[in-house]
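Just below is one structure, and these are the notes that go with it.
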């Protein structure tokens, strides 16, 4: 039994200057980032690297169209890919470290050879993705109207770098959506049938750190997050380690068609169905592993285990208000199509469900959250 998968070297720096002193930026580097992230922290540091600014190619979640346009503008050869940014940057940077990533549709369909060619350094600037330590890249495929994940060891970073300083300018809305995503990574991976004692250790610690942080923020206000940013960044990383081994499940599977159709931020799309999925687990298999897990979460929230998901939603609504699906423009007529998309295209994720969720169960969850 494999207990844990953790391939990248892990590095922690308090400041970008310390990271640059160790890493340097040379003419053989390709940096993928955003101006609003890079310029305040790195513009005064020596660099001969080539830089791709992600915002020049579109906004929002990463897509096949965005990544292919970016790759077309890469000139000459490079030895290192340094991704400094949120989930969009991290997922695209992983693909650029491969030898032949295009066309991306063929790559994700595994019709192309998958071979890593460049050193990959990933620096997350949100407290949610956890992707800096996983072997997964998620893209929205515009023509297919959904998101897909490519999971292969060639996508592991060589170095994952945590720099709390980079979170200081993160607006509260982005802090909220990214950290909720990290929390869901930890929840899903801890209840996954692929969870191991080691992955659960990281997942449960992430849950504890994030929920205790949320309680502090709800009590004292948004600015209370500032001294907690390092904790949230580390918790996101722990959650990434947990789901890198045990995987995510139905929450992510159900959020993908929703996010692709209505361009809802990833963490927010996950939260739209999160408690609905876990209440369904609770109903379908209340005496299994979820019983002890609910008691663990209830202890943090100081509530009875049977009320844990209602209390969890109350807490999370103080950080990121959950909207009914209809408020995004979703129609009832779309719910069966979303269900079909999940069941036919998201088997990789649905295999990690705590208990079996069939077509009717998925439709019922969408309907309950509508």
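The values are calculated or read from the model by the stated rules, or taken from the named source; none is laboratory data. Quick caveat: nothing in here was measured; it's all calculated off a predicted structure. Glycine also receives a Cβ, built like all others from the backbone with ideal geometry; neighbour counts cover every protein chain displayed.
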Exception for residue 128 within (1) in a loop (DSSP other than H, G, I, E, B); (2) more than 19 Å from residue 57 (Cβ to Cβ); (3) over 14 Å from the mean Cα position of the chain (by Cα) falls at (3)
Residues that are surrounded by fewer than 20 Cβ atoms within 10 Å (Cβ to Cβ) and either part of a loop (DSSP other than H, G, I, E, B) or in contact with a helix residue (DSSP H, G or I) (Cβ under 9 Å, 6 or more places away or on another chain) (or both), drawn from region 321-334: 321, 322, 323, 324, 326, 328, 329, 331, 332, 334
Flag if residue 235 is in contact (Cβ under 8 Å) with a residue 12 or more places away in the chain, more than 22 Å from residue 61 (Cβ to Cβ) and in a helix (DSSP H, G or I): yes
Of all residues being in a loop (DSSP other than H, G, I, E, B) and touching a helix residue (DSSP H, G or I) at 6+ places or on another chain (Cβ under 7 Å) in region 17-45, which is farthest from residue 72 (Cα to Cα)? Just the residue, please. 45
Out of 129, 190, report the one residue that is outside the structural domain of residue 278 (by TED's automatic domain parsing) and within 30 Å of residue 261 (Cα to Cα). 129
When you look at residue 271, is it touching a helix residue (DSSP H, G or I) at 6+ places or on another chain (Cβ under 7 Å) and assigned to a helix (DSSP H, G or I), yes or no? yes
Search result, residues across region 68-108 that are exposed (fewer than 15 other Cβ atoms within 10 Å of the Cβ) and in contact with a strand residue (DSSP E or B) (Cβ under 9 Å, 6 or more places away or on another chain): 73, 74, 75, 76, 79, 99
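Residues are listed down the side, and each one gets a yes or a no for (1) buried (at least 24 other Cβ atoms within 10 Å of the Cβ); (2) within 30 Å of residue 80 (Cβ to Cβ); (3) touching a residue at least 12 places away in the same chain (Cβ under 8 Å):
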{"residue": "137", "(1), (2), (3)": "yes, yes, yes"}
{"residue": "140", "(1), (2), (3)": "no, yes, yes"}
{"residue": "183", "(1), (2), (3)": "yes, no, yes"}
{"residue": "186", "(1), (2), (3)": "yes, no, yes"}
{"residue": "197", "(1), (2), (3)": "no, no, yes"}
{"residue": "208", "(1), (2), (3)": "no, no, yes"}
{"residue": "215", "(1), (2), (3)": "no, no, yes"}
Could you tell me how many of the residues in region 261-275 are surrounded by fewer than 24 Cβ atoms within 10 Å (Cβ to Cβ) and more than 15 Å from the chain's Cα centre (by Cα)? 4
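Of the residues 111, 69, which is in a loop (DSSP other than H, G, I, E, B) and over 29 Å from residue 239 (Cβ atoms)?
111
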Considering every residue within region 33-54, establish whether at least one is at pLDDT 95 or above and under 20 Å from residue 135 (Cα atoms). yes
Can you tell me which residue is farthest from residue 81 (Cα to Cα) among those in region 27-45 that are free of Cβ contacts under 8 Å to residues at least 24 places away in the same chain and more than 22 Å from the chain's Cα centre (by Cα)? 44
Could you pull out the residue among 240, 221 that is crowded, with 22+ Cβ neighbours inside 10 Å and either at pLDDT 95 or above or farther than 17 Å from residue 129 by Cα (or both)? 240
Scan region 311-323 and tell me whether some residue there is in the same structural domain as residue 249 (by TED's automatic domain parsing) and over 30 Å from residue 223 (Cβ atoms). no
Which ones in region 7-33 are farther than 17 Å from residue 167 by Cα and surrounded by fewer than 17 Cβ atoms within 10 Å (Cβ to Cβ)? 7, 9, 10, 21, 22, 24, 26, 27, 28
Taking the stated definitions as given, is residue 286 free of Cβ contacts under 8 Å to residues at least 24 places away in the same chain, outside any helix (DSSP H, G or I), surrounded by fewer than 17 Cβ atoms within 10 Å (Cβ to Cβ) and not assigned by TED's automatic domain parsing to the domain that holds residue 149? yes
Listed residues 48, 54; which is surrounded by 17 or more Cβ atoms within 10 Å (Cβ to Cβ) and free of Cβ contacts under 8 Å to residues at least 40 places away in the same chain? 54
In region 94-108, how many residues are outside any helix (DSSP H, G or I) and either under 19 Å from residue 122 (Cβ atoms) or under 21 Å from the mean Cα position of the chain (by Cα) (or both)? 4
